[in-house]
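Undergrad: Next up is a structure, given as structure tokens.
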Amino acid sequence: MTNAAFQQCINPACRATYDVTEVKVGCAKCGSLLDILYDWSRLSVPKSLGFFEHRWATKGTGIQGRLDFSGVWRFRELMPFYRTDADIVTIGEGRTQLQQADLLAKRMGMKPGHLHLQYEGLNPSGSFKDNGMTAAFTHARMVGAHKVACASTGNTSASLAMFASLAEMQGIVFIGTGKISFGKLSQALDYGALTLQVKGDFDDCLRRIRQIAVDVPALGVYLMNSVNPFRLEGQKSIMYRILEALNWESPDWVIVPGGNMGNCSAFGKAFMELKELGLIKKIPRLAIINAHGANTLHQLVNNDGLKWNGGKFDREKVGKLYAAMDESNYKAHTVASAIEISRPVNLPKALRALDFMNGVVREVTDEEILEHRAMVARWGFGCEPASAASVAGLRKLLDEQVISPDETVACILTGHELKDPNVTVQYHTGLDMKSVQDLAPKKTPHGKLANQPVQVDDDLASIVKALGGDPSMLAGIEFKKTSPNLPVGEY
Ligand code: F0G
């Protein structure tokens, strides 16, 4: 390896490495997930986290000014996979805030000064995804990609579409029909992404986009979902900003909603590296919160006792659960549409994060999510339903006395309140605006920039056609690597 940064398979029995300039969504040898690793001894790493503070004062629109302005890249020494500053694609992401939420703490039965809310909805596209997209787009630019794509429950598509438009790449998003909130759909359309509404749910969309990106290289599609290890490098910065806001002290707990498990995986990696570099003393504990209607991690960890086990986690347990889901034709279902996911692709990394951060997993009902979303809005700045799973999870952990009222807690609020106003209006009035709008007569859009979504069947030939390819290019391709029945970590 000539570069100080490289990609490495997370499977300890494999540990294959790849150059950072290779485009991979999994290990070519064993199919496991990849990490971006660094030979820190060859890099210049700050001696203390306080080093980053001098960047708050950087002025100007030059490259240093723009990188220091970004809440991701002001920590660039901790994610040094790029070659030069000119590679970096930034739109001013990551300027979010940690609110000391005393009013909410009071209602939760916590002591003042102990509950903090990290508002990632304050990013340019309204969710935490921008932290990861800036890093993945930087890699996409490094490797000369022109078409970038993702499957999404909404926020990834909004973020990808915004970055693609500003980086002058073609954005392509796969969303499940009727699955995403209007706020998020409207963003993908507004930013000009080719929006495919696939007849299926998020899990179906992700399977299809992985098939396209991995097995149909002729289409030249670069995958932006969180299986892309570069995305997670950017998402580590959410933890750096929490430390920064707490004067570089770790909280006792970090609580995060779990969907595809990219965020919690990134948080685990952030702390593994900070510890290795001697930049922090205390590792916070991690709580990952599933919605009851999309509770794969909860089932595997709490019911089946699944553990990271130094990387030798029991894949059979995962395979068994997935086979049972297939058999009963199980589909995830929750009001928190952002985390309506049954096969989290980053499951192995989530197990690793739980292991390193002495973590726990809990599930919360839709009712609990709705009540806590309303509380965050009433006594904070508000958030979308999935984000409130973190606060509902905190309530559960306080009730169980796993967390005590005088511990310091940071709940990650992953998306903005205005992402899903339908849920809010319905909560307060009982009116389902979405179904009212669905019944309204349709007019042909005539705006000069109108960008209509394209409806497609959950079928590869239709998808290739919608992407401008010729379905005959599928002849002879074996898709066995992307079989939906393979356990996680295999592609
Ligand atoms: N919260 C929100 C608001 C999200 O949009 C997502 C994921 C999550 C939590 C879960 O994060 O996947 O890192 O565990 N949304 C993805 C999307 C799947 O397509 O927008 P995770």
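Undergrad: Placing unit charges on C-beta atoms (Lys and Arg positive, Asp and Glu negative, everything else neutral), compute the dipole magnitude of the chain about its Cα centre in debye, rounded to 20.
TA: Dipole about the Cα centre, nearest 20: 660 debye.
Undergrad: Leaving out ligands and nucleic acids, note down the accessible area per residue over the chain with a 1.4 angstrom probe, in whole Å².
TA: Dividing the accessible area of the chain by its residue count gives 40 Å².
Undergrad: Would you mind calculating the gained length between GLU327 and SER186 on full extension (0.36 nm times residue separation, minus the Cα-Cα distance), in nm to one decimal?
TA: Gain in length upon complete extension: 47.3 nm.
Undergrad: If you take the beta carbon distance between GLU53 and ASN358 as r and set R0 to 25 Å, what does 1/(1 + (r/R0)^6) give as a FRET efficiency, to the nearest 0.05?
TA: The value I calculate is 0.30.
Undergrad: Tell me, which cysteines of the chain are without a disulfide-compatible partner by the Cβ under 4.7 Å rule?
TA: CYS150, CYS205, CYS264, CYS383, CYS411
Undergrad: Within region 23-66, what whole-number % of the accessible surface is contributed by carbon and sulfur, with the 1.4 Å probe and all protein chains included in the calculation?
TA: With neighbouring chains kept in place, the figure for region 23-66 is 56 percent.
Undergrad: Using only Cα atoms, what is the ratio of the radius of gyration of the chain to 2.2 N^0.38 Å?
TA: Expressed relative to 2.2 N^0.38 Å, the Cα Rg reads 0.92.
Undergrad: Between ALA450 and GLU77, what is the FRET efficiency for a Förster distance of 45 Å, r being their Cβ-Cβ separation, to the nearest 0.05?
TA: 0.55
Undergrad: Round to a whole number: what % of the accessible area of region 93-151 belongs to carbon and sulfur, probe 1.4 Å?
TA: C and S atoms contribute 48 percent here.
Undergrad: Can I ask one more? Find the relative contact order for the chain and round it to a whole percent, using C-alpha pairs within less than 8 Å whose residues are 6+ positions apart.
TA: It comes to 18 percent, rounded to a whole number.
Undergrad: Oh, and also: When only alpha-carbon atoms count, how far does region 36-124 stretch along each of its three principal axes, as whole angstroms with the largest first?
TA: If we take the Cα atoms of region 36-124, the spans are 48, 31, 24 Å.
Undergrad: Taking a ≥ b ≥ c as the square roots of the Cα gyration tensor eigenvalues, with a/c under 1.5 meaning rounded and otherwise prolate when a/b beats b/c, else oblate, which class fits region 274-331?
TA: Verdict is prolate for region 274-331.
Undergrad: A follow-up question, please. Over region 396-482, what percent of the accessible surface lies on carbon and sulfur atoms, probe 1.4 Å?
TA: 55
Undergrad: Around ALA338, with a cut-off of 15 angstrom between Cβ atoms, what is the net charge of the other residues, counting Lys and Arg +1 and Asp and Glu -1?
TA: -4
Undergrad: Any of LYS24/LYS184; LYS29/LYS349; LYS47/LYS281; LYS184/LYS349; LYS24/LYS275; LYS317/LYS349 with alpha carbons more than 23 Å apart? Name them for me.
TA: LYS24/LYS184; LYS184/LYS349; LYS24/LYS275
Undergrad: Additional query: What full-extension length gain, to one decimal in nm, is calculated for LEU277 and ALA86 as 0.36 nm per residue of separation minus the Cα-Cα distance?
TA: That works out to 66.1 nm of additional length.
Undergrad: Let me ask something else about it. Would region 246-396 count as rounded, prolate or oblate if I go by the C-alpha gyration tensor, calling it rounded below 1.5 in a/c and otherwise prolate when a/b exceeds b/c, oblate otherwise?
TA: oblate
The values are calculated or read from the model by the stated rules, or taken from the named source; none is laboratory data. Just so we're clear, the structure is a prediction, and the values are computed from it rather than from any experiment. Note that each Cβ is placed from the backbone with ideal geometry, even for glycine, and that neighbours are counted across all protein chains shown. Accessible surface areas use protein heavy atoms only, side chains included; no ligands, DNA or RNA. Shrake-Rupley method; radii C 1.70, N 1.55, O 1.52, S 1.80 Å.
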